[in-house]
Amino acid sequence: MKRFAQLIKTLDSTNKTNEKVAALAQYFREAPDADKVWTIAILSHRRPSRPVKTTWLREWAADLANIPMWLFEETYHIVGDLAETIALVVPASEQENEKSLSAYLADMIALKPKKEAEKKAYIQQHWNRLGYYERFVFTKLITGGFRIGVSQKLMTRALHQATDIPEDELAYKLMGDWNPSTISFEELVLAEDTSHLISKPYPFYLAYAIEGEVRALGDVTEWSVEHKWDGIRAQLIVREGEIFIWSRGEELVTDKYPELHVLREALPNGTVLDGELLVMREGAIGTFNDLQTRIGRKTVSKKMLQEYPVAIMAYDILEWEGKDLRKQAFQQRRNVLEALLAKLPIKDVPLYLSETYSFESWEAVAEERERSREKHSEGLMLKHKQSPYQVGRKKGDWWKWKVDPLTIDAVLTYAMRGHGRRTNLFTDYTFGLWNEEKTELVTFAKAYSGLTDQEFREVDAWIKKNTLERFGPVRSVTPHWVFEIAFEGIAHSKRHKSGVATRFPRILRWRKDKKLEEANSLEDLKGMIVE
Amino acid sequence: MNTPLLAFNDKGIYCAAADVYLDPWKPVSKAIISHGHADHSRWGHQQYITQEDNVPIMKHRLGDISVTGKKYGETFTINNVQFSFHPAGHILGSSQIRVAHKGEVWVFTGDYKTENDLLTVPYEPVKCHTFITECTFGLPAFKWRPQAEVFEEINGWWAQNQSEGRTSVLFGYSLGKAQRLLKHLDPSIGKIYTHAAIENMTEVCRSLTDFPETIRITRDTKKEELLGNMVLAPPSAHGSPWIRKMVPYVTGSASGWMAFRGARRRRAIDKGFVLSDHCDWDGLLAAIEATEATKIITTHGYTDIFSKYLRELGYDARTEATQYEGENVSEDAKEGKEVSE
């Protein structure tokens, strides 16, 4: 555990990618095998499920710190991270502790079914025993992600440095459904044969946003153009009579979308498709907001299946007749995909083909991009016709060319303290738009990003001086500042007070030049919805 | 009710009986000053009274002012009100201000810390009826380790950087933190270079106590000579062109805010050392208890939370609005102001 805590401390204390990778590689060379497996699991969000409720953790920590519950909560609001708060308020201790990371994880798995009193005894005993940083890491293992800026890509690179196994191969091995309690480092990382894992997805190939002029991509006829659908990237696997659906976040979501299970009969074994999971009603694409009613729900009601049925819009085929097609040219893969979808054995299944276009000029491509909103897409994808299916985010062969965001001028109304590196700064803002009478600001969106650190500091100082009311971590502020808010999509919504849902709202700029009265109204916003 | 001995108005903490202000933030005729930081000793008063060690510091910062220096514990009387300065342990020349009138005693802390930093005259508890206290770090999340441990860590960090062929750049504000760091850096590891703002202030402080030798960084300082040595710089130097001369360097920051991981990352500092010239949570509670005061007024920091907790402990505690910079402006912003003057 000491070694793991030291690793987290090092990763947490540097912004430099090379130093992070070096620290991880060193860890992968030196740590015991079981700990390495757990470290990979933790850094790829495969923690065991939480053994205790966080409300209990708060109570037990306040108890050890000998402070009232409200004071613990206030402190937590300011620190912004539960594990860190606990590590800070519990009295210091520096006892020696040699227990390994995997032993701690085994403890936590065993702890899950136990009674509250036993859980409390175990956790308080360890809080008392561990030093500040180890206590923080121990608690983080219970509560959640580390937010230390280590992507799957960095971890794979470090593992490559430690083992000499190529990164692409490692990325593939680490995908999918494996259990860190039972798998060995040998099986997970070093072993050659991984074919026995029928649920295993391929790493997604991700595109960067296009930089500069699109015509710099060269001959337009070498590029395949398609719309960039606004759903969830998904990989659909049919192998050995079973179906698996993976989201881009490497989450197995098969059970959430029962209406897709019919594809098990429609597709032959040894087929893997890459596509977009979307709400589709009789061939019409729903909004991301529609899809949101399905995301995160494990049990789906009949009503929901009728109102928000999903389908896969396929754009690529990665495996066909059990063979990996990823090295083939995009154009060839598309031929296979189109032939497959043209003669499915069952009709009316929730599987559609994402249409591709070939254009004679970049102007024509640009015109197609202008049609994105009416086609309910976020813009275009440009894929080189000869491109292989690569691993992870790579430049060169695939580009996304999104439509420019919609924008509106809104007023800052509420603020909340941020998390992570924004701890103790008010950086999470709520924005309002004027009602018809211009007498009241109606909340329409929250935004957390888009200002520079300097601007955040400036707004933070202003908020602290212009607070109207405090509600726990949230403050209402005097309506004064106008910000230009950008967002990707817009739709009617019953769940929002404003009646409108916006997609990925963020701050475009601080409009210090605009007066409060010059902010837009809710009616202006509603006018942007494409009916 | 009678007029309270000290009241808070839009200019500062006012003693009506003596017609003087304590640490006023707007120009007044007579100001009694706790210490030399910019938010407590401002420009523009007609007459200043402060502890004698603070006189050269204030003159350095504010130029030609009319200022009288008093010794710690020396009582002076204005309109039958007795005033005296008592060590606050915050920075060199920092004081609590005791105000006594007709048997009633109030103490205003300015800023203070209870740990003996072996640089300033250590904090002394002063018994009073009403205690006006800062609470910059008035949350149970703030618990300082003994400074000996922190300096062991800092000197170890310096030696480590040196062995890796890198210069150590340590940020601390130029009045207070810089001198405390300097006092405890180990000169056997290497040379200690200083940013001009810190060198100028330290020169003033050398009349008050001994410090290791320092070398001012000027335009003529060679890049090569800095390598492996220590550079003390104000936080505002972070990310400025000035720092390019130190390449290859590692940055460290010494501040109470470094207790928060987020604060370290936000400032993009390589290494954070938790070292403050303010009281931590336990320090505040112990200090309050030692005064035997029943009435507590909090002035800056996590005032609402801290006074609510004090009320639960049975104190008659409240918060008064001031313009001292606790939560709002962290130490680096304070520094920025100071440097730009």
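The values are calculated or read from the model by the stated rules, or taken from the named source; none is laboratory data. The model shown is predicted, which means the values in this text are computed figures rather than measured ones. Every residue, glycine among them, receives a Cβ derived from its backbone with ideal geometry; neighbour counts consider all protein chains shown.
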(request) Could you identify the single residue in B:276, B:253 that is buried (at least 22 other Cβ atoms within 10 Å of the Cβ), within 22 Å of residue A:455 (Cβ to Cβ) and among the polar types (S, T, N, Q)? (result) B:253
(request) For region B:311-336, name all the residues that are at pLDDT 85 or above, outside any loop (DSSP other than H, G, I, E, B) and within 11 Å of chain A (Cβ to nearest Cβ). (result) B:312
(message) Among the residues of region A:66-102, what is the count of those that are within 7 Å of chain B (Cβ to nearest Cβ) and in contact with an Asp or Glu (Cβ under 7 Å, 6 or more places away or on another chain)?
(response) 1
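Could you tell me which residue of region A:305-340 is farthest from residue A:226 (Cα to Cα), considering only residues that are basic (Lys, Arg) and over 26 Å from the mean Cα position of the chain (by Cα)?
Quick first cut of region A:305-340, residues basic (Lys, Arg) only: A:323, A:326-327, A:333-334.
Applying the additional criterion that residues be over 26 Å from the mean Cα position of the chain (by Cα) yields A:323, A:327, A:333-334.
Values: A:323: 25, A:327: 21, A:333: 15, A:334: 12 Å.
Step by step, filter region A:305-340, then rank; the result is A:323.
Based on this model, can you work out whether residue B:174 counts as touching a helix residue (DSSP H, G or I) at 6+ places or on another chain (Cβ under 9 Å), over 26 Å from residue B:62 (Cα atoms), buried (at least 19 other Cβ atoms within 10 Å of the Cβ) and small (Gly, Ala, Ser)? Quick ask: steps written out before the conclusion?
Details: touching a helix residue (DSSP H, G or I) at 6+ places or on another chain (Cβ under 9 Å): yes; over 26 Å from residue B:62 (Cα atoms): no; buried (at least 19 other Cβ atoms within 10 Å of the Cβ): yes; small (Gly, Ala, Ser): yes.
Criteria not met by residue B:174.
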(request) Return the total of residues in region B:274-304 being under 21 Å from the mean Cα position of the chain (by Cα) and assigned to a loop (DSSP other than H, G, I, E, B). (result) 8
(message) Tally up the residues in region A:221-253 that are part of a loop (DSSP other than H, G, I, E, B) and over 17 Å from residue A:298 (Cα atoms), please.
(response) 5
(message) When you scan region B:224-239, do you find a residue that is away from every other protein chain (no Cβ under 14 Å), crowded, with 23+ Cβ neighbours inside 10 Å, out of contact with any helix residue (DSSP H, G or I) (no Cβ under 8 Å at 6 or more places or on another chain) and not in a helix (DSSP H, G or I), even just one?
(response) no
(message) Please verify whether residue B:210 is over 24 Å from the mean Cα position of the chain (by Cα), at pLDDT 90 or above and surrounded by fewer than 14 Cβ atoms within 10 Å (Cβ to Cβ), treating the condition exactly as stated.
(response) no
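Pick out the one residue from A:245, A:237 that is within 27 Å of residue A:288 (Cα to Cα) and at pLDDT below 95. Walk me through how you get there before you give the answer.
Working: A:237 fails: at pLDDT below 95.
It is A:245.
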(message) Could you go through region A:40-53 and let me know if any residue there is closer than 16 Å to residue A:143 by Cβ, within 23 Å of the chain's Cα centre (by Cα) and β-branched (Val, Ile, Thr).
(response) yes
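Do any strands (runs of 3 or more DSSP E) entirely within region A:386-486 hold 3 or more residues that are surrounded by 14 or more Cβ atoms within 10 Å (Cβ to Cβ), and if so, which? Can you show your working first?
Working: elements: A:398-402, A:406-417, A:426-434, A:441-447, A:467-471, A:474-477.
Correct list: A:398-402, A:406-417, A:426-434, A:441-447, A:474-477.
Determine if region B:196-206 includes at least one residue that is part of a strand (DSSP E or B) and not small (Gly, Ala, Ser).
As a first pass, look at region B:196-206 and keep what is part of a strand (DSSP E or B): none.
Taking every residue of region B:196-206 in turn, none turns out to be part of a strand (DSSP E or B) and not small (Gly, Ala, Ser).
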(request) Return a yes/no flag: does region B:62-83 have any residue that is touching a residue at least 12 places away in the same chain (Cβ under 8 Å), among the basic types (Lys, Arg) and under 16 Å from residue B:37 (Cβ atoms). (result) no
(message) I'm trying to understand the selection: among the residues of region A:349-381, which are more than 30 Å from residue A:265 (Cβ to Cβ), part of a strand (DSSP E or B) and not aliphatic (A, V, I, L, M)?
(response) A:357, A:378, A:379
(request) May I ask you to list the residues in region A:256-293 that are modelled with pLDDT of 85 or more and acidic (Asp, Glu)? (result) A:259, A:265, A:274, A:276, A:290
(request) Among what's in region B:139-173 and is within 22 Å of residue B:116 (Cβ to Cβ) and in a loop (DSSP other than H, G, I, E, B), pick the residue that is farthest from the other protein chains (Cβ to nearest Cβ). (result) B:172
